[in-house]
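Visitor: Handing you this structure, nothing more for now.
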Amino acid sequence: MTKEQLGSLILASEDSLYHVAKTLLREDADCADAIQEAIVSAFTKLHTLRRDEYAKTWLTRILINECYDILRNQKQLVSIEEQAMPDWEAPKGDYSDLYEALETLPEEMRICVTLFYMEGYSVREIASILEVNENTIKTRLSRAKARLRRELESGNFPDMVSM
C-alpha cells in the first residue's frame, strides 16, 4: 500500500475512526488526539502492513492502542487530581442517548458493539482487531445487547425506547 492509498483510506474512514475512539474515550479532544496519533503511527509503520485488504482493520487496531495509551495516561493524572481535589468531579459531557447507553457497558463490550453494529466489522475481524477468540466476541455482543435492552426498558433513556 502506498502512502497515497493510506491517505485515501484515512479520509474514507474518518467517521469510523471517530466512532471507535468515542467508544473508548469520553472527550472529543481526546478522540482527536488518538486519531491524530494513530494516523501518524500508521504512516510511520506502513511497512508493517502485510496485506492491503486488512488496512482498515490494521488502522483500527492502531487507533485502539492509541486510545488505551491515552486512558493509561489519564489514570495517572486522575490519581494526582483526586489527591489534590477530593471533591472534584469531572463534568459530564453532552452525549447522545446512544453514547450514554453505551457508557453503561464495560469497555470490552462497548468496543465490540461499536465495531460490530456501528462500523460493520464481522465477528472474525473484531476478534482479530482485539486479539481474542471469536466466541468471546459473540458472548460479549450477546451480553451487551441484553444489558442495553434492560437499561432501555428501565426508562433511563426514554428517547431511545421510541426508536
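The values are calculated or read from the model by the stated rules, or taken from the named source; none is laboratory data. The structure displayed is predicted, hence computed values, not measured ones. Positions of Cβ are backbone-derived with ideal geometry, glycine not excepted, and every protein chain shown enters the neighbour counts. Areas reflect the complete protein model, heavy atoms only, side chains present, ligands, DNA and RNA absent. Shrake-Rupley method; radii C 1.70, N 1.55, O 1.52, S 1.80 Å.
Visitor: How about the stretch 135-160: which of its residues are open to solvent by 60 Å² or more (accessible area, probe 1.4 Å) and modelled with pLDDT under 85?
Guide: ARG149, ARG150, GLU153, SER154, ASN156, PRO158, ASP159 - these are the residues of the stretch 135-160 that are open to solvent by 60 Å² or more (accessible area, probe 1.4 Å) and modelled with pLDDT under 85.
Visitor: Which of the residues that make up the stretch 101-134 are within 15 Å of TRP58 (Cα to Cα), open to solvent by less than 10 Å² (accessible area, probe 1.4 Å) and within 11 Å of the chain's Cα centre (by Cα)?
Guide: LEU115
Visitor: Quick one: count up the residues across the stretch 3-21 that are touching a residue at least 12 places away in the same chain (Cβ under 8 Å), farther than 11 Å from ALA55 by Cβ and not hydroxyl-bearing (Ser, Thr, Tyr).
Guide: Adding up the residues that qualify gives 5.
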